[in-house]
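Written below as structure tokens is the structure these notes are about.
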Amino acid sequence: MSENKICDDKGVINMTESVCDTSQKGRIKHLVKEWRRKIGEINQKYSEPRLKMTPLVRFSLLALRIYLIVLVIILVYKFYTLVR
Amino acid sequence: MESASYYYKYRRFIKWLRLYLALAGPGIIVMVADNDAGGITTYAATGAKFGFHFLWFILLLGPVAYVVQEMTVRLGAVTKRGHAEAIFDAFGPFWGWFSLIDLGIVDFLTLVTEFIGMTAALKIFGVPPVITVIGVAILMSAIVMQGRYWTWEKIVLVFCALNLIYIPAALIIHPDVSAITKGLIPGFPTGLTNDVFFFLMANIGTTIAPWMLFFQQSSVVDKGMTEKDILFGKLDTASGALFTVIVAAFCIILTATLLYKPGGVDIESAAAAASAIMVHNPFVGSALAIGLFDAGLLGAICISLASSWAMGEVFGWAHSINNKPSEAPMFYVFYFLSLIGAGIIVLLPGSPLVLITLFVQVIAVTLLPAALVFLILLLNNEELMGKYKNTLVQNILGFSIVLMIIILSTLYALSVVFPEMFK
């Protein structure tokens, strides 16, 4: 049986945050939530690329995307033929 | 009067040399670690297959590696940021996560291949793989956990010096000097066959690896190098490039002298070459095996740190070797987890080790072009780099080399996936 307690982001009892359980499952859920929050923070921090998007930069990034897509298609094809 | 001037020049030189020795490290370490277990296997196989024919090509790879790595020195010294953080900052989260996740996968798989090399090398001396893995994990932990970048660097430089073992090992077997001289002249005596092309691509693939860009830039930042240290950073990188091609050349000379026969000899790995040589010449065989272990160890040290630094930069954890484990817990936890994970995979019976070795090459080419393109774009940003941005000559050289590496490493990866492509 999991115990319901009030806790903060480090799992310490506190009266201001939401209800959480201290079982293994609850801790994992809490950890996943923490990682998602951290990733969201990073995405927010770097949301505006600092590099000016000149035609050269745009072209390079587009070429890179096409290159990677082609590479992934080739690998998927290889995997498909191997499985068959 | 003249002797006073000489004395003054001498004192100035000694002062300069001391400063250089204090600042040297990241460039030499990254370049020597580039001759990792996979690299040594490639060089040993090249020597056994083609003799001295491609020594000129190996020497040519030194300047290529220098041009690419020198850019990371400038970028790190000017921005004070590691490569992962610089990509997030300049190109946004999409390319940032792509690079970080790809780097994590490539580094982990490469780490597995380093452990494969190390266990195979010590198996020649009768050391069971489990002892090798545990011993390496303890050694690597001790090197990193002492809490000082300077000490870590000097210990790693000792392991770099051990890489020179190929020089006496090659000299002791009296290689054919005239054949070596002929090998230094560019050309394709056996014609540009598919086999030749495959080996040339493999050698390029081992010369520039994605982790090297991340490692050297983070290392420059962790060492605290600034704009005024760039010249020493360049010299350090140039010394490393020279060191690495000399070691590679002597490794080729060794197997070319002892294993090569007209028509070429195929060898499976450097460990197999060491075992074959051990039968006729125990000293040289042992040297090859010790060199292979050392190469794997250096590769493992640098690769696991490259990932930990990159994760620390992006997630905002304390991420310096100057921090003690209690001050940077996540940095060290990530370092140990990757180390232990790779070690366990090598020890697990039935692990797809051959598949992992091939897969590394393929995954690496999904990251290498991106990392190189980002590097060139960052180095051309005046707002970021100021007067240290790429000059026209640096751009012409940089673009040509990056383009060549992208094309050849992609073809190499494709040839690994589709072996019939170059037959």
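The values are calculated or read from the model by the stated rules, or taken from the named source; none is laboratory data. Since the model is a prediction, treat every value here as computed from it, not as a measurement. Neighbour counts are summed over all protein chains in view; Cβ atoms, including those assigned to glycine, are modelled from backbone coordinates with ideal geometry. These area figures cover heavy atoms from the full protein model, side chains too; ligands, DNA and RNA do not enter into them. Shrake-Rupley method; radii C 1.70, N 1.55, O 1.52, S 1.80 Å.
Of the cross-linked pairs A:Lys38/A:Lys78; B:Lys9/B:Lys228; B:Lys9/B:Lys234; A:Lys45/B:Lys389, which ones have a Cα-Cα span greater than 29 Å in the structure shown? Before the final figure, lay out the partial values.
Numbers: A:Lys38/A:Lys78 36 Å; B:Lys9/B:Lys228 21 Å; B:Lys9/B:Lys234 23 Å; A:Lys45/B:Lys389 25 Å.
Too far apart for the 29 Å limit: A:Lys38/A:Lys78.
Which one of B:Ile28, B:Ile14, B:Ile138 has the biggest mean-square fluctuation once chain B is modelled by GNM with Cα springs under 10 Å? Of the options given, B:Ile14 has the highest mean-square fluctuation.
Take peptide B:368-378, look around each residue's Cβ out to 10 angstrom, count Cβ atoms belonging to other protein chains, and average those counts.
Rounded to a whole number, the mean comes out at 3.
Between B:Ile131 and A:Ile39, the distance separating the two model label sites (each 7 Å from Cα on the Cα→Cβ line) works out to 4.4 nm. Just how far, in whole angstrom, is the stretch B:345-385 from the stretch B:108-162 if you go by their alpha carbon centroids? The stretch B:108-162 and the stretch B:345-385 have Cα centres separated by 21 Å.
How much length is gained on full extension from B:Tyr6 to B:Ile185, taking 0.36 nm per residue of separation minus their Cα-Cα distance? Intermediate values should be presented prior to the final figure.
Details: separation 179, 0.36 × 179 = 64.44 nm, distance 4.04 nm.
Length gained, B:Tyr6 through B:Ile185: 60.4 nm.
Once whole DSSP H runs in chain B are found, which of them have Cα atoms spread over 30 Å or more along the helix axis and a mean Kyte-Doolittle score of at least -1.0? Long hydrophobic helices here: B:2-23, B:55-79, B:93-123, B:230-258, B:282-315, B:353-379, B:392-417. Calculated [222 nm] ellipticity per residue, helices only, for chain B: -26500 deg cm²/dmol; basis is -39500 (n - 2.57) per DSSP H run with n ≥ 4, divided by all residues, nearest 500. Comparing B:Ser178, B:Ser239, B:Ser99 in a Gaussian network model of chain B (Cα springs below 10 Å), the most mobile by mean-square fluctuation is B:Ser178.
Take the Cβ atoms of B:Val279 and B:Ile155, set R0 to 35 Å, and the FRET efficiency comes out at 0.55. With Cα atoms defining each centre, the stretch B:65-88 and the stretch A:46-84 are spaced 22 Å apart in the structure.
Leaving ligands, DNA and RNA out of it, rank B:Arg81, B:Arg12 by accessible area with a 1.4 Å probe, largest first.
Details: B:Arg81 65, B:Arg12 150 Å².
Most to least solvent-accessible, the answer reads B:Arg12, B:Arg81.
Based on Cα contacts under 8 Å between residues 6+ apart, chain B shows a relative contact order of 35 percent. Highest mobility in the GNM of chain B, judged by mean-square fluctuation with C-alpha springs under 10 Å and restricted to B:Leu19, B:Leu235, B:Leu109, is found for B:Leu19. Within 10 Å of the Cβ of each residue in B:235-244, the mean number of Cβ atoms contributed by other protein chains is 0. The listed residues A:Phe59, B:Phe283, B:Phe198 rank as A:Phe59, B:Phe283, B:Phe198 when sorted by accessible area, largest first, using a 1.4 Å probe.
Convex hull over the Cα atoms of chain B, averaged projected area in nm²? Please list the in-between numbers first.
Working: hull surface 90.0 nm².
Answer in nm², one decimal: 22.5.
If you sort B:Lys234, B:Lys80 by accessible surface, 1.4 Å probe, largest first, the order is B:Lys80, B:Lys234. When only alpha carbons of the protein assembly as shown are considered, Rg and Dmax amount to 24.0, 91 Å.
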